[in-house]
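Laboratory data are not the source of any read-out in this text; all were calculated from the coordinates shown. Keep in mind the model is a prediction, meaning the values are calculated, not measured. Cβ sites come from the backbone with ideal geometry, for glycine too, and all protein chains shown count toward neighbours.
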Amino acid sequence: RAVPYNAVTWEIDRRYCRPMEPEKSNECPLHGAGVSAQSLVGRRLVEVVGSWHLYGSDGLAGPMDVWLIDDRGAVTHLTTGSDGCLIVEASKPHIGYDMGTSGRVTVGAIGEQTPFADHIGEDVLAVREEHAPNTGRVALELTFLTGRVRCESWAGDLRLTSV
């Protein structure tokens with residue numbers, strides 16, 4: 001009779017052992033694990049770049065993408081995936097582009113438009129991540145000396161808040 005592999009036990013020196021089950025992965029099935037967010041700890045935030053979708057006379061909504069540039073020249077890109085994950089990867093900012101009748105995407109330095117503006121020049125002291133089953137990383141919280149910034153995938157959009 002066939003027995004599922006994870007139901008099998010063995011007797012070894014009168015102790016019963018079960019085969020190890022693989023650890024559940026926190027990585028996104030579509031986008032992978034990305035870069036380790038822990039690598040940001042100890043880095044000084046020197047610049048923040050963002051991208052926005054502009055359509056007609058609509059005002060600026062939150063950024064679609066954010067790039068954190070640290071004192072060592074490393075660039076960490078934060079954005080959302082189509083499956084609701086929060087993508088954290090190493091990539092440089094792209095340039096803006098025209099989407100014809102659908103508007104345009106602009107890319108540039110972030111002034112006061114995001115909570116990161118308050119922390120430029122500060123070191124990242126700690127990082128905390130949240131994961132969801134079948135999606136991977138859904139939130140990232142960066143701690144600075146003067147506060148925290150929470151980055152999360154919210155209904156497919158990138159949401160940044162001061163905490």
Query raised in the report: Does anything in segment 36-54 have its amide N under 19 Å from the 7 Å Cα→Cβ label point of residue 74, and if so which residues?
Result: 36-49
Query raised in the report: Per 10 Å bin, what is the whole-percent P(r) computed from every C-alpha pair distance within segment 36-163?
Result: 13, 45, 33, 9, 0
Query raised in the report: Kirkwood Rh over Cα pairs of segment 101-150 into Stokes-Einstein at 4 °C, 1.567 mPa s: D in µm²/s?
Result: 98
Query - Extension reserve of the residue 46-residue 161 stretch, reckoned as 0.36 nm per residue once the Cα distance is removed - result: 39.5 nm
Report summary line: Extension length gain for residue 148 and residue 109 (0.36 nm per residue less Cα distance), in nm, is 12.0 nm
Query raised in the report: At residue 82 and residue 53, where each label point lies 7 Å from the Cα along Cα→Cβ, what is the point-to-point distance in nanometres?
Result: 1.3
Requested in this report: Taking the Cβ of residue 141 as the centre, find all other residues whose Cβ is under 13 Å away and add up their charges (Lys, Arg: +1; Asp, Glu: -1).
Outcome: +2
